[in-house]
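These notes concern the structure reproduced below.
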Amino acid sequence: MIKYFQNKYALSEKGASDLLKAIIWTIVMEFSFMAPVVLGFIFLDEYMQVLLSPATSPQNSLRYYVIMAVVLFLVMFAIAYFQYRLAYTKIYEESAKSRINLAETLRKLPLAFFGKKDIADLSSTIMEDATQIETLFSHAVPQIYASVITIMVMGIMMFFYNWQLSLAVFWVVPVAALVFYLSRKYQSTVHNELYQSKRVISDKMQEGLDSAQEIKSYNQEATFSKELGGLLDQLENDMIKGELLTGAAINLSYVLLKLGLPSVMLYGATLLAQGTINVFAYLVFMVITARIYNPIMDVMNNLALLLYLNVRIDRMKEMAQMPKQEGVTAFNPQHYHVEFKNVGFSYQDDIETLKDISFTARQGEVTALVGPSGGGKSTIAKLAARFWDIEKGAITLGGNDISQVDPEALLNHYSIVFQDVTLFNSSVLENIRLGKKDASDVEVFKAAQLAQCDEFVKQLPQGYDTRIGENGEKLSGGERQRISIARAILKDAPIILLDEATASLDAENESKIQSALGELVKNKTVLIIAHRMRTVLGADKIVVIKDGMIAETGSPQVLKEKKGIFATMLTAQYER
Ligand SMILES: Nc1ncnc2c1ncn2[C@@H]1O[C@H](COP(=O)(O)OP(=O)(O)OP(=O)(O)O)[C@@H](O)[C@H]1O
């Protein structure tokens, strides 16, 4: 049973066992809530006998019933308390655990997985889906199982007591359930559509917030609003459709169920007139009939909610099953040559982004990747740091296959300066310190000086303590890039990946940074992507990437003489 719950609801073993306990306690609670009714019947039965034949005296005194009622109340309270603890408190523990697990899964996903679009989706899965799931688990799942079992037990007891009247009570249940079941498939489709619409909208919103500047500068506000408006209208329609459909199915089932009451009244009256049953049995059935449809209705309502749950659980399962990147955590290679051996890679199944890439970026050398835009240079740099796992060939660091190394352990050996610098809304000092968490202030200042940050930082209102706004919005592109270089200098890792690192610098700063980088890259493995040819002329090796393949490789001198793609790119840039 525990295994079944684990699989069905994506729970941990403890979560599944707590759910089972919650169901058992909910059943006990449902039965305990019937105890006052039973006591009431015993009391009525006894005292009605006394009323009907005054010569007899009741078996138990009134005081006995009062004490019993108080005891029952205390027992019910205790049971309800345990039920609450299990159904509510424990499920919150489980959902906290599932959020942590998801976050752990995210930590182990390929870094490049975190494209902007995915982030809205991921955070909505972690927060919104997990919240919905915890609400449904505390409010619906134990109740459904418990109500079904309670109703079945009560039904069996009633059939033993009087099967004809029980038939009159229960004939409506399969009819109502059939209506509900038939509408379920369609409801499920509508819920799926609704869920997808919500995800599309949150992606769109995220996109709008991320590219607010572009939308404004290209005068795209009206188009964007129109698209978003269209999506919101679609969502509204889907929601209305979903609500109407669920409401119609539930209400129809409810009306059908309620037909049970008149049928018990009429059929019971007939049996009473025939003398088959007595007034007491008739009353008992009337009271039970009035009460039993509510839990049945609750089951149907909760089943409708479960449709939402299934969609969300599938989504959580899908995320939990995404291929994770794991590997050895103790990783200290003998040397730092990075070697690509016949590497093939695709972002999408049908498009080959890289084909048969083989080259070595040697320690102590600068290896430059050049070539036309979209050729695959950034992809190669990202693969070298295991941002994605490759499908064909191997990438080794110091002779070790990097797909066997834990990404965090691997990245300890890399300093990365990419085009899109990410900065945090904290001080300049803390942003640079990210390169080396335990660096002293003096070390940070030194790195900042080498990266030519000192001059502009000193002009900020609080110098190194100035907060730089979300993603460094208060800084220019070149300043942000210099902070990123300072980080890399501070980290001083043996492998350096530079992707257009000096793209947004003016000529004066660029030459200063070039000399700083010259210090930084000594005896290191450097893989640099640069569009500006003068940046790569000093490289030891050039690898020209075109259409996902290596078109040329060799020293700048050799390639110049070869008069191929590199030579053409060089001439073209100098002519400009
Ligand atoms: N995350 C991604 N998902 C799908 N395709 C991608 C992704 N990143 C890059 N690509 C595609 O892979 C190909 C290679 O891109 P890449 O960024 O590696 O080229 P590049 O040579 O670095 O280009 P540039 O010089 O313009 O930066 C391109 O066709 C690009 O559209």
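The values are calculated or read from the model by the stated rules, or taken from the named source; none is laboratory data. Remember, predicted model here, so these are calculated numbers, not experimental data. Neighbour counts are summed over all protein chains in view; Cβ atoms, including those assigned to glycine, are modelled from backbone coordinates with ideal geometry.
When 474, 437 are checked against the criterion of being more than 16 Å from the ligand (Cβ to nearest atom), at pLDDT below 90, under 30 Å from residue 108 (Cα atoms) and basic (Lys, Arg), a single residue qualifies: 437.
Of the residues making up the range 389-404, none is surrounded by 15 or more Cβ atoms within 10 Å (Cβ to Cβ), acidic (Asp, Glu) and either more than 16 Å from the ligand (Cβ to nearest atom) or in a strand (DSSP E or B) (or both). Being at negative phi, at pLDDT 80 or above and not aliphatic (A, V, I, L, M) is a property that holds for residue 47. Based on this model, can you work out whether residue 343 counts as under 17 Å from residue 498 (Cα atoms), in contact (Cβ under 8 Å) with a residue 40 or more places away in the chain and in contact with a Lys or Arg (Cβ under 9 Å, 6 or more places away or on another chain)? The answer is no for residue 343. Only residues that are within 14 Å of the ligand (Cβ to nearest atom), modelled with pLDDT of 90 or more and touching a Leu at 6+ places or on another chain (Cβ under 7 Å) were counted across the range 374-388, and they come to 7.
For the range 528-553, taking the residues that are crowded, with 18+ Cβ neighbours inside 10 Å and under 13 Å from residue 359 (Cα atoms), the one that is farthest from the ligand (Cβ to nearest atom) is identified as 541. Restricting attention to the range 154-165, the residues being touching a residue at least 40 places away in the same chain (Cβ under 8 Å) and part of a helix (DSSP H, G or I) number 5. Could you list, in sequence order, all residues of the range 266-281 that are part of a helix (DSSP H, G or I), under 24 Å from residue 35 (Cα atoms) and either free of Cβ contacts under 8 Å to residues at least 24 places away in the same chain or under 52 Å from the mean Cα position of the chain (by Cα) (or both)? Correct list: 279 only.
In the range 347-362, the qualifying residues are those that are surrounded by fewer than 17 Cβ atoms within 10 Å (Cβ to Cβ) and not in a strand (DSSP E or B), and the one that is nearest to the ligand (Cβ to nearest atom) is 347. Among the residues of the range 28-59, the ones that are farther than 22 Å from residue 81 by Cβ and surrounded by fewer than 17 Cβ atoms within 10 Å (Cβ to Cβ) come to 19 in all.
For the range 423-441, the set of residues classified as in contact with a Phe, Trp or Tyr (Cβ under 9 Å, 6 or more places away or on another chain), touching a residue at least 40 places away in the same chain (Cβ under 8 Å) and not in a loop (DSSP other than H, G, I, E, B) consists of 427, 428, 431, 432, listed by residue number.
If I filter the range 405-422 down to residues being hydrophobic (A, V, I, L, M, F, W, C) and either surrounded by fewer than 17 Cβ atoms within 10 Å (Cβ to Cβ) or in a loop (DSSP other than H, G, I, E, B) (or both), which single residue comes out as farthest from the ligand (Cβ to nearest atom)? Residue satisfying both the conditions and the ranking: 409.
Checking the stated criteria, residue 329 turns out to be within 28 Å of the chain's Cα centre (by Cα), closer than 25 Å to residue 103 by Cβ and β-branched (Val, Ile, Thr). For residue 261, the requirement of being surrounded by 14 or more Cβ atoms within 10 Å (Cβ to Cβ), within 32 Å of the chain's Cα centre (by Cα) and modelled with pLDDT of 85 or more is not met. Scanning the range 135-170 for residues that are more than 28 Å from residue 21 (Cβ to Cβ), of a type outside the set (S, T, N, Q) and surrounded by fewer than 16 Cβ atoms within 10 Å (Cβ to Cβ) turns up 159, 160, 161, 163, 167. Residue 481 - would you say it is buried (at least 18 other Cβ atoms within 10 Å of the Cβ), under 37 Å from the mean Cα position of the chain (by Cα) and in contact (Cβ under 8 Å) with a residue 40 or more places away in the chain? So residue 481 fits the description; yes. Restricting attention to the range 216-264, the residues that are touching a residue at least 60 places away in the same chain (Cβ under 8 Å) and not in a helix (DSSP H, G or I) add up to 1.
If residue 371 satisfies every condition in (1) more than 10 Å from the ligand (Cβ to nearest atom); (2) crowded, with 18+ Cβ neighbours inside 10 Å but one, which is the exception? Failed condition: (1). Taking the numbered list (1) under 25 Å from residue 104 (Cα atoms); (2) within 31 Å of the chain's Cα centre (by Cα) in turn, residue 380 passes all entries but (1). Would you confirm whether or not the range 18-27 contains a residue that is assigned to a helix (DSSP H, G or I) and loosely packed, with under 13 Cβ neighbours inside 10 Å? No: zero hits.
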